[in-house]
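Asker: Right, I'll just put the structure down here and ask away after.
The values are calculated or read from the model by the stated rules, or taken from the named source; none is laboratory data. Model, not experiment: these values are computed from the prediction. When we count neighbours, we look across all protein chains shown, and the Cβ atoms used for this are built from the backbone with ideal geometry, even at glycine. To get the accessible areas, we keep the full protein, side chains included, count just its heavy atoms, and leave off ligands, DNA and RNA. Shrake-Rupley method; radii C 1.70, N 1.55, O 1.52, S 1.80 Å.
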Amino acid sequence: MEQFVIKGGTSLRGEVEIGGAKNAALAILAASIMTDETVTIDNLPDVRDINVLIGAMEDIGAIVDRVDRHTVKINGSRIQRLSVDYEYIKKIRASYYLLGALLGKYKKAEVALPGGCEIGSRPIDLHIKGFKALGADVDISYGLISAKAVRLEGSHIYMDKVSVGATINVMMAAALAEGKTVIENAAKEPHVVDVANFLNSMGANIRGAGTDVIRIVGVEKLHKTEYSVIPDQIEAGTFMCAAAVTGGDVLIKNVIPKHLEATTAKLLEAGCKVEEYDDAVRVFGGGELKSTQVTTLPYPGFPTDMQPQMTVVLGIAQGTSTVTESIFENRFKYVDELSRMGANIQVEGNIAIIRGVERYTGARVCAPDLRAGAALVVAGLAADGVTVVDDIYYIQRGYENLEGKLRQLGAQIEKVSSEKEIQKFVLKVS
């Protein structure tokens, strides 16, 4: 089992390049099989979730050519099976995007019910509601969700709750339905816009992505395209918090600053200095961190995926901060681990009350999910002494070469896979 071992206390300095957005890339990969022509996608992050989805797509007959680490060519003309029961697919939440893609193209699909991080209940009832509104019969049995239709017809769909996954899934199926579809109370996240732009580049007719009303006029078929995935706002935000918490000075390149506005605003409130450029942001820590209040909300609000990292920053800020989690009810599972590092955090329902401590201290901790795992690494960078983070499998689901990028900024961090290697690292840094 691999682990990260970190000697904290070094201010991060230098430049780091951000990769493609995992959450956009997963949906775009699924949508690429909606044409029989070859689609080229670049700026793909080389992370576990992406590689699992590509494996599942190959398993049903898609032809995948890995041009290089971050570029693939995909041809969906030879898909033989419309049932995706690939053993790994259950491990990733985005497996359900194959449902919308296959249903749109073939009017039939069956996919293993999704897994992913246990951060709370993420029902797929809105996906089902959307597919049914388009005329599909949907059934869940034996751990599979299946949808089929004689034909898909455009419809007016109101999302009872803002859901990124359901918005994207229904948008994909509706792109090849007959007539017009209107999705109201749609999610506005950057990756919803990116998937819409990708589908439009294949010949779809989608308008309004990025607002709460998306209008889709179904087309008969889609065609080939070349497309580059947007930068990952959560990876960028994680490095912003790492710079803040270590009192560093980091230039974070290949980002869209507008996507980072909510994170930037909270870091400014917490006493950091942030400079924005066309496609980069620079974060200066070093001053005294101050307490603030954070509430997670759908975009353009503060992202739930940045909540654990921001909590780590506030954990060593002066005064008392509160973090309110309004998206996922199990998102504070990492707090016990952070407490082992000296944090003073009390969770009451969906609110964390954070009393700032002077510093974190190194400890052995366990990553409970993807973003919480990254947050514990960030805490380890600021801690006095050595921190070992177990279960980094979660972190590798969404961060490419995290340890390499941090080392580039001066961090003392290594990926190890035995107690012997941990001891060797400790001897080296002591």
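Asker: Quick test for you: out of 58, 110, 37, pick the one residue that is more than 19 Å from the chain's Cα centre (by Cα), within 30 Å of residue 331 (Cα to Cα) and among the charged types (D, E, K, R). Quick ask: steps written out before the conclusion?
Answerer: Values: 58 fails: within 30 Å of residue 331 (Cα to Cα); 37 fails: within 30 Å of residue 331 (Cα to Cα).
Every option except 110 fails the conditions.
Asker: Based on what the data block shows, is residue 194 open to solvent by less than 10 Å² (accessible area, probe 1.4 Å) and charged (D, E, K, R)?
Answerer: yes
Asker: Go through segment 329-348 and count every residue that is open to solvent by 50 Å² or more (accessible area, probe 1.4 Å) and modelled with pLDDT under 95.
Answerer: 3
Asker: Now a separate question. For residue 361, which of the numbered conditions (1) farther than 28 Å from residue 300 by Cα; (2) open to solvent by less than 30 Å² (accessible area, probe 1.4 Å) fails to hold?
Answerer: Status for residue 361: all satisfied but (2).
Asker: Residue 135 - would you say it is touching a Ser or Thr at 6+ places or on another chain (Cβ under 9 Å) and assigned to a loop (DSSP other than H, G, I, E, B)?
Answerer: Details: touching a Ser or Thr at 6+ places or on another chain (Cβ under 9 Å): yes; assigned to a loop (DSSP other than H, G, I, E, B): yes.
In short, yes.
Asker: Something else: Please determine, by comparing only the residues of segment 412-421 that are open to solvent by 10 Å² or more (accessible area, probe 1.4 Å) and closer than 22 Å to residue 11 by Cα, which one is nearest to the chain's Cα centre (by Cα).
Answerer: Filtering first and then ranking leaves 415.
Asker: Any chance segment 132-146 includes a residue that's at pLDDT 85 or above and touching a Phe, Trp or Tyr at 6+ places or on another chain (Cβ under 6 Å)?
Answerer: Yes, some residue in segment 132-146 is at pLDDT 85 or above and touching a Phe, Trp or Tyr at 6+ places or on another chain (Cβ under 6 Å).
Asker: Would you list the strands (runs of 3 or more DSSP E) that sit entirely within segment 281-378 and hold 1 or more residues that are in contact (Cβ under 8 Å) with a residue 12 or more places away in the chain and of a type in the set (D, E, K, R)?
Answerer: It comes to 351-355, 364-366.
Asker: Sticking with this one: Output the residue which, of all residues in segment 140-161 that are in contact with a Lys or Arg (Cβ under 8 Å, 6 or more places away or on another chain) and β-branched (Val, Ile, Thr), is surrounded by the most Cβ atoms within 10 Å (Cβ to Cβ).
Answerer: 157
Asker: While we're looking at this one, here's another question. Given the residues 79, 60, 41, which is the only one that is open to solvent by 10 Å² or more (accessible area, probe 1.4 Å), farther than 25 Å from residue 377 by Cα and hydrophobic (A, V, I, L, M, F, W, C)?
Answerer: 79
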